[in-house]
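The next block holds one structure in the form of structure tokens; read it before the comments.
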Amino acid sequence: MSDFHLHITGTLGVLLGFCLAAGVFADLLHLPKVTAYLLVGLLVGPSVLDWMPGEHLEILEPLLLLAMAIVLFNLGCEFPFKKFRRIGKRCLVLSAAEIATTFTFVTAGLWAFGCSPSMSLLLGCLAVATAPATTILVLKEFRSEGPVTESTGFLVAMNNFACILMFEFGFLAIQLFQGKAETSLTDQVVNVVAHLAGSAVLGVVGGLIISYGCGFLNTKRWLVLLVATATFLLGLNESLEIPYMLTFFVMGVTVANTSDYKSKITDELDHISGLLAVLFFAVHGTGLDIQQFIAAGVLGLVYIVFRIAGKWVGVYVAAKTTKQPLEVRHWLGACLLAQAGAAIALSAIAVQRNPELGKPIQDIILGSVVVFEIIGPLFIRKSLLETGEVPLAQAIHHTTHSPIDQIRSLIDRFRSNVDDDEMPASGSSRVKVSDLIRKTPGIPQSANFDDVVDHIEHSHDNTYPVVDDKLSVVGVIRYPLLSDVMFDHSASTLVRAEDLVSVNDVVLHPDEPASRAFELFQNETDDCIPVVTRTEPNELLGVVRRSDVVHALITQRRKNK
């Protein structure tokens with residue numbers, strides 16, 4: 001056993017298992033799951049426990065590239081030309097100001113603190129980049145909608161495109177100034193433009209292939225087509241050494257403007273993108289190096305502070321000048337702090353081209369990524385909640401079953417399948433509704449928004465009776481329908497429980513048999529039914545849960561044998 005080495009499939013299982021547990025804790029602590037997955041990677045990676053073999057992480061690299069490619073493709077799919085023009089009218093100024101301010105702040109700040117002009121210039125270029133995977137997947141996790149969400153997607157795309165251009169031309173300017181350029185200025189510019197144009201052309205071709213193929217292939221074959229196209233283009237980009245991020249963004253834009261099935265295509269990719277995203281951030285987290293952050297020292301801290309300031313100030317000033325909504329002014333900049341893939345990749349290129357200049361740049365980028373990848377998702381979540389762009393069901397912690405209830409449910413399901421007998425007919429059950437009542441006072445219809453949220457977070461039901469002053473049921477609040485209700489702090493003082501109520505005509509009385517409850521549940525999607533008195537004003541006594549009824553009837557059936 002001393003020579004035991006866990007196979008890579010085992011490593012993959014352990015990593016995903018840790019991420020699953022971290023996702024549960026993220027819900028409890030109101031953290032974005034992206035942050036939880038990154039912290040799992042940091043925990044099991046070389047910086048802390050060092051449980052993940054380096055060769056296993058290298059083998060998983062193609063899957064990480066595919067995960068990033070799918071994120072960028074999905075981002076591009078959000079920009080049909082009509083929407084691009086609409087958002088562009090109000091966001092191009094914001095984007096230009098944010099890019100210019102971030103570049104200026106970081107470059108000038110580092111220079112003022114003793115950094116060389118060349119190093120300051122390149123770090124200023126890299127500071128512009130925003131991590132697309134981190135940012136977009138947090139937006140997707142919270143299913144946010146609104147001007148801040150739309151603007152974030154647009155600015156993320158522009159930031160990464162601008163970062164690539166600025167880095168290439170910044171490096172070119174440094175080489176010319178130092179007299180180290182191996183080719184003429186014209187040749188260098190042509191080379192950069194050719195790489196970007198080639199990347200865009202591949203994106204267009206890939207998008208047309210997907211639009212055409214999904215137009216006549218059976219939907220069961222779409223996923224194969226999508227993965228085949230994406231992986232082939234990834235390989236082609238790597239072989240030709242051209243930026244793949246632009247390819248997949250353009251591919252998404254092409255599909256958005258040439259296919260009638262854009263929504264179905266992105267839904268099909270969701271079958272694998274969730275799993276790939278978990279793997280991406282967990283493995284990505286193993287690359288976060290706390291020692292690199294410490295080694296970055298004062299310059300690393302300066303880079304972090306001035307980059308944050310540049311993002312926020314740039315957006316704020318431009319949004320205020322163009323008279324954009326307050327939520328855009330105050331919170332859009334905070335959604336752009338995450339940084340990883342593009343900056344890390346470009347810093348590695350800097351090391352290849354000029355080790356003396358590139359190595360300290362890479363150290364600062366790798367050190368600061370530890371901070372930006374952890375605080376970035378937290379700032380995005382905070383911004384979305386403050387602007388009211390997150391559905392209530394996504395903003396609160398709620399679980400349908402407690403661990404004990406889930407164990408009982410598993411046992412009941414097994415017992416039900418082992419025993420083929422039918423449930424007792426209506427009226428024949430000796431178990432009464434009164435035996436199964438779970439006491440609940442209900443939610444007063446005048447309860448404020450915060451009280452409703454508190455009730456939901458402390459309940460394992462999905463249906464909540466709402467009562468008037470006489471304790472009569474006036475309706476129910478259904479948790480699944482809260483996906484359409486936005487979690488807006490500014491409106492929380494105005495919203496009452498009665499504003500969220502759905503009509504409900506189904507009630508039970510305490511003297512009815514449990515089999516009557518079972519019949520009602522057969523025709524209802526609610527997980528519990530209110531129990532009221534027979535006499536006016538039909539006061540709420542509590543609720544009966546579907547799982548309790550099933551458990552009671554299964555138990556009675558076995559006793560009758």
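The values are calculated or read from the model by the stated rules, or taken from the named source; none is laboratory data. These numbers were taken from a predicted model, which means no experiment stands behind them. Glycine also receives a Cβ, built like all others from the backbone with ideal geometry; neighbour counts cover every protein chain displayed.
A few points about this structure:
- Boolean, GLU145 is closer than 27 Å to LEU94 by Cβ, buried (at least 21 other Cβ atoms within 10 Å of the Cβ) and acidic (Asp, Glu): no
- Pairs with Cβ under 7 Å, 6+ apart, first in the stretch 32-58 and farther than 16 Å from VAL369 by Cβ, second assigned to a helix (DSSP H, G or I) and among the acidic types (Asp, Glu): PRO32/GLU141; LYS33/GLU141
- Residue in the stretch 465-508 that is nearest to HIS398 (Cα to Cα), counting only those that are in a loop (DSSP other than H, G, I, E, B) and among the hydroxyl-bearing types (Ser, Thr, Tyr): SER492
- Residue within the stretch 136-145 that is hydroxyl-bearing (Ser, Thr, Tyr) and not in a helix (DSSP H, G or I) present: yes
- Residue selected from the stretch 1-34 under the condition in a helix (DSSP H, G or I) and farther than 18 Å from LEU275 by Cβ, by the criterion nearest to the chain's Cα centre (by Cα): ASP27
- Subset of the stretch 45-88 [of a type in the set (Val, Ile, Thr) and surrounded by fewer than 21 Cβ atoms within 10 Å (Cβ to Cβ)]: VAL48, ILE59, ILE87
- Candidates ASN504, ASN523, ASN538: the one that is surrounded by fewer than 20 Cβ atoms within 10 Å (Cβ to Cβ), free of Cβ contacts under 8 Å to residues at least 24 places away in the same chain and not aromatic (Phe, Trp, Tyr) is ASN523.
- Listed conditions (1) within 27 Å of the chain's Cα centre (by Cα); (2) modelled with pLDDT under 90 are all met by VAL224, apart from (2).
- A count restricted to the stretch 303-331 and to residues that are in contact with a Lys or Arg (Cβ under 9 Å, 6 or more places away or on another chain) and under 17 Å from PHE379 (Cβ atoms) stands at 6.
- Here the condition is being out of contact with any helix residue (DSSP H, G or I) (no Cβ under 9 Å at 6 or more places or on another chain), acidic (Asp, Glu) and assigned by TED's automatic domain parsing to the domain that holds VAL224; of GLU98, GLU78, GLU58, it holds for GLU58 alone.
Table: residues versus (1) touching a helix residue (DSSP H, G or I) at 6+ places or on another chain (Cβ under 6 Å); (2) aliphatic (A, V, I, L, M).
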residue	(1), (2)
TYR479	no, no
LEU494	no, yes
GLU498	no, no
SER502	no, no
LEU508	yes, yes
ALA514	yes, yes
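- At least 2 residues being aliphatic (A, V, I, L, M) and surrounded by fewer than 21 Cβ atoms within 10 Å (Cβ to Cβ) is the threshold, and among the helices (runs of 4 or more DSSP H) wholly inside the stretch 244-343 those reaching it are 262-286, 290-321.
- Sole residue being in contact with a strand residue (DSSP E or B) (Cβ under 8 Å, 6 or more places away or on another chain), at pLDDT below 90 and closer than 20 Å to THR387 by Cβ, chosen from LEU482, LEU471, LEU494: LEU482
- Unique match (being in contact (Cβ under 8 Å) with a residue 12 or more places away in the chain and closer than 27 Å to LEU94 by Cβ) among PHE280, PHE306: PHE306
- Selection count where residues are part of a helix (DSSP H, G or I) and more than 20 Å from HIS455 (Cα to Cα), scope the stretch 368-401: 18
- Pairs are defined by a Cβ separation below 9 Å, a sequence spacing of at least 6 or placement on different chains, a first member in the stretch 430-457 that is touching a residue at least 12 places away in the same chain (Cβ under 8 Å), and a second member that is part of a helix (DSSP H, G or I) and of a type in the set (Lys, Arg); the pairs so defined are VAL433/ARG516.
- Test result for PHE169, farther than 24 Å from LEU65 by Cα and in contact (Cβ under 8 Å) with a residue 12 or more places away in the chain: yes
- Members of the stretch 117-165 found to be under 17 Å from PHE79 (Cβ atoms) and of a type in the set (Val, Ile, Thr), listed by number: THR130, THR135, ILE136, VAL148, THR149, THR152, VAL156
- Qualifying residue in the stretch 534-555 (condition: assigned by TED's automatic domain parsing to the domain that holds ILE443, in contact with a Gly (Cβ under 6 Å, 6 or more places away or on another chain), farther than 30 Å from THR149 by Cα and assigned to a loop (DSSP other than H, G, I, E, B)): no
- Residue within the stretch 174-191 that is modelled with pLDDT of 85 or more, assigned by TED's automatic domain parsing to the domain that holds THR258 and assigned to a helix (DSSP H, G or I) present: yes
- Count of the stretch 94-135 residues, restricted to those that are more than 24 Å from PHE248 (Cβ to Cβ), not hydrophobic (A, V, I, L, M, F, W, C) and not in a helix (DSSP H, G or I), is 2.
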